[in-house]
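Below: the structure, in structure tokens.
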Amino acid sequence: MTPEIETFPTVETWAQSIAGRIEETSGAAVIANGKAVFAGPGGSTPSPVYARLAQANIGWDKVAVTLVDERYVPETSPDSNARLIKDVLLQGPAAKARFIPLYTAEVTVDRAAAVAAHALAEAGGRFDAVLLGMGEDGHICSMFPESPTLKTLLTPTLKPNVLGVPHGRDGMAPSLERISINLPYLMAAGRVILGLKGRAKLEVFEREALGDPATQPIAAMIAAKVPLEVVWTEAN
Ligand SMILES: O=C(O)[C@H](O)[C@@H](O)[C@H](O)[C@H](O)COP(=O)(O)O
């Protein structure tokens, strides 16, 4: 069943609501388990959420922050999602959190993904709260249409894992090699929030939700009963 879409009138109220959900869930995990793990996306959508979340009143020294996907570039690159997280989220009170990168300078992207898989497994192998963005081609994390790793990333019966994603051929996305968590990481998460801005993405979401779970990430999340909350604002 397609999840309900919660609508907010402005980017400010939208970002406040998403940051509040992550704060609530991460704070509760810190109280219950003495630790919390949050994973978020890169891209242009999450910055207003991260700026608010940075001020949240949680035991940040007990929180690990990681990414749902990363471009295979060092932090000095403007394309680095680690750089975005460090510049916008890990500031103020949130600077006390521990950051777990998906990128490390390895010989291949697959080797870097294996190193990241190990680091996430050591951190508990499960996320308390996840924020996702979605591209206008329907991708979440680095689960791109036409990618040779798509089917593996979307296989619900595998263990939570991190995989290397090659860059697309003949102009297909992604333009850079990527590192991505798989669907089972989203299935195991405590709470998964999909933050969408603008009418075009709402239409993509509504179309993709009715798609094929074997090849369309939004349909795959719904079929796999990921605890998904869709939070949308028309404002861009
Ligand atoms: O590194 C990334 O690109 C992301 O983690 C990716 O999955 C992102 O959420 C979508 O591409 C949406 O990107 P925008 O927010 O820029 O539209």
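The values are calculated or read from the model by the stated rules, or taken from the named source; none is laboratory data. Just so you know, these numbers come straight off a predicted model, no measurement behind them. Glycine also receives a Cβ, built like all others from the backbone with ideal geometry; neighbour counts cover every protein chain displayed. Ligands, DNA and RNA are excluded from the accessible area calculation, which covers all protein heavy atoms including side chains. Shrake-Rupley method; radii C 1.70, N 1.55, O 1.52, S 1.80 Å.
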- Would you mention how many residues in segment 110-122 are open to solvent by 10 Å² or more (accessible area, probe 1.4 Å) and touching a strand residue (DSSP E or B) at 6+ places or on another chain (Cβ under 6 Å)? 2
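If you check residue 19 against the conditions, is it part of a strand (DSSP E or B), within 30 Å of residue 210 (Cα to Cα) and out of contact with any Gly (no Cβ under 8 Å at 6 or more places or on another chain)?
Numbers: part of a strand (DSSP E or B): no; within 30 Å of residue 210 (Cα to Cα): yes; out of contact with any Gly (no Cβ under 8 Å at 6 or more places or on another chain): yes.
Criteria not met by residue 19.
Residues 113, 123, 173: which one is small (Gly, Ala, Ser) and away from the ligand (no atom under 16 Å from the Cβ)? Don't jump to the end; show me each part of the working.
On the way: 113 fails: away from the ligand (no atom under 16 Å from the Cβ); 173 fails: away from the ligand (no atom under 16 Å from the Cβ).
The match here is 123.
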- Task: May I ask you to list the residues in segment 199-233 that are surrounded by fewer than 16 Cβ atoms within 10 Å (Cβ to Cβ) and closer than 16 Å to residue 45 by Cα?
- Result: 199, 200
- For segment 27-61, which residues satisfy the criterion of being assigned to a loop (DSSP other than H, G, I, E, B), within 16 Å of the ligand (Cβ to nearest atom) and surrounded by fewer than 17 Cβ atoms within 10 Å (Cβ to Cβ)? 43, 44
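Collect the residues in segment 126-143 that are within 16 Å of the ligand (Cβ to nearest atom) and either open to solvent by 50 Å² or more (accessible area, probe 1.4 Å) or at pLDDT below 95 (or both), keeping them in residue-number order.
Residues of segment 126-143 within 16 Å of the ligand (Cβ to nearest atom): 127, 129-143.
Passing the criteria: 136, 137.
Against the definition (of a type in the set (A, V, I, L, M), more than 16 Å from the ligand (Cβ to nearest atom) and open to solvent by 10 Å² or more (accessible area, probe 1.4 Å)), how does residue 105 come out, yes or no?
Numbers: of a type in the set (A, V, I, L, M): yes; more than 16 Å from the ligand (Cβ to nearest atom): yes; open to solvent by 10 Å² or more (accessible area, probe 1.4 Å): yes.
It is true that residue 105 is of a type in the set (A, V, I, L, M), more than 16 Å from the ligand (Cβ to nearest atom) and open to solvent by 10 Å² or more (accessible area, probe 1.4 Å).
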- Note on the structure: Within segment 85-100, residues being open to solvent by 40 Å² or more (accessible area, probe 1.4 Å), under 18 Å from residue 35 (Cα atoms) and not charged (D, E, K, R) number 2
- Residue that is most open to solvent (accessible area, probe 1.4 Å), among those in segment 63-84 that are within 11 Å of the ligand (Cβ to nearest atom) and part of a strand (DSSP E or B): 71
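Out of the helices (runs of 4 or more DSSP H) lying entirely within segment 179-236, which hold 3 or more residues that are not aliphatic (A, V, I, L, M)? If you could, list the steps in order and put the result at the bottom.
Values: elements: 183-188, 199-209, 217-223.
The qualifying helices (runs of 4 or more DSSP H) are 199-209.
For segment 144-155, does any single residue satisfy the condition of being at pLDDT 95 or above and on the phi > 0 side of the Ramachandran plot?
From segment 144-155, those at pLDDT 95 or above are 144, 147-155; that's our starting set.
Pick out the ones that are also on the phi > 0 side of the Ramachandran plot and you get none.
Among the residues of segment 144-155, not one is at pLDDT 95 or above and on the phi > 0 side of the Ramachandran plot, which makes the answer no.
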